[in-house]
Amino acid sequence: GDVRFYTMPGHNFGLSAAVLSWNRHSHLIATLARRCFGIPCGAYFDDYDICGPDWAAASAKVVLRQLHLWLGVPLAEGLKDVPPREINPFLGVVTDLSQFRQGIVFMQSKPERIAKLIDSIERYLEHGVPSAEARHCLGKLEFVRAAATAERVGGAAIGIFRRATGAGGQSGALDESVTAAVVREALIFLYFLLPRIPRRRFHFC
């Protein structure tokens, strides 16, 4: 059958510290699912992704849910419980398995995420960079760079933005050597780059 990709939510947590401490549980369960039940899955904090044949999708979910029940932390229900499809998003990245039979897989950042980043940069270019938002935007830019370009494009511009937000040093202070004009040039480059990043193509033949 065709290969499908889908996701499942972890336990419901309200505090970031609790999510961080959840890593050991989710990785244990993912390891048990892979080694003992042959479920092709992975865990990122409190979310799971599964990539496997369509005929195994239902049993894979049953196994993960049962493992959580046995360990006393039932999986959450909700929007992140995504049904198996050939094209599905996970953590801001869309995986396209529609050409897997030909040995080709595509991955790209979610168009909605790119659109939001472009909107943020437009606001920054018009009104300046607000410190309250800047680090949040920086994190998303760095994730897109890692996921969409394998960290091969945009490093200099994002590095300037990082220094301007104070995220480049241990003290967390703004780097005063980065002028507003330099930051503006970096943002213009990112504004031009983001909508033009092509899908990444992976060959498995």
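For every residue, the table says whether it meets (1) among the charged types (D, E, K, R); (2) in contact with a helix residue (DSSP H, G or I) (Cβ under 9 Å, 6 or more places away or on another chain).
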residue	(1), (2)
46	yes, yes
54	yes, no
61	yes, no
64	no, yes
69	no, no
76	no, no
83	no, yes
86	yes, yes
92	no, yes
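Considering only residues that are open to solvent by 60 Å² or more (accessible area, probe 1.4 Å) and at pLDDT 75 or above, look in the stretch 154-181 and name the one that is nearest to the chain's Cα centre (by Cα). Selected residue: 162.
This table checks each residue for (1) open to solvent by 20 Å² or more (accessible area, probe 1.4 Å); (2) of a type outside the set (Val, Ile, Thr).
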{"site": "50", "(1), (2)": "no, no"}
{"site": "53", "(1), (2)": "yes, yes"}
{"site": "61", "(1), (2)": "yes, yes"}
{"site": "71", "(1), (2)": "yes, yes"}
{"site": "77", "(1), (2)": "yes, yes"}
{"site": "86", "(1), (2)": "yes, yes"}
{"site": "92", "(1), (2)": "no, yes"}
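Tell me, please, whether a residue that is surrounded by 14 or more Cβ atoms within 10 Å (Cβ to Cβ), basic (Lys, Arg), modelled with pLDDT of 85 or more and more than 30 Å from residue 56 (Cα to Cα) can be found in the stretch 185-202. Checking the stretch 185-202: not a single residue is surrounded by 14 or more Cβ atoms within 10 Å (Cβ to Cβ), basic (Lys, Arg), modelled with pLDDT of 85 or more and more than 30 Å from residue 56 (Cα to Cα).
Filtering the stretch 49-75 to residues that are more than 21 Å from residue 89 (Cβ to Cβ), in contact (Cβ under 8 Å) with a residue 24 or more places away in the chain and assigned to a loop (DSSP other than H, G, I, E, B) leaves 71, 73, 74.
Among the conditions (1) modelled with pLDDT under 90; (2) open to solvent by 70 Å² or more (accessible area, probe 1.4 Å), residue 128 misses just one, which is (2).
A residue that is modelled with pLDDT of 85 or more, among the aliphatic types (A, V, I, L, M), open to solvent by 40 Å² or more (accessible area, probe 1.4 Å) and outside any loop (DSSP other than H, G, I, E, B) can be found somewhere in the stretch 28-48. If you scan the stretch 120-136, which residues turn out to be under 18 Å from the mean Cα position of the chain (by Cα) and in contact (Cβ under 8 Å) with a residue 24 or more places away in the chain? Matches in the stretch 120-136: 135 only.
The values are calculated or read from the model by the stated rules, or taken from the named source; none is laboratory data. Model, not experiment: these values are computed from the prediction. Heads up, the Cβs are rebuilt from the backbone with ideal geometry, glycines too, and the neighbour counts pull from every protein chain shown. The protein model used for the area step is the full one, side chains on, heavy atoms only, and it has no ligands, DNA or RNA in it. Shrake-Rupley method; radii C 1.70, N 1.55, O 1.52, S 1.80 Å.
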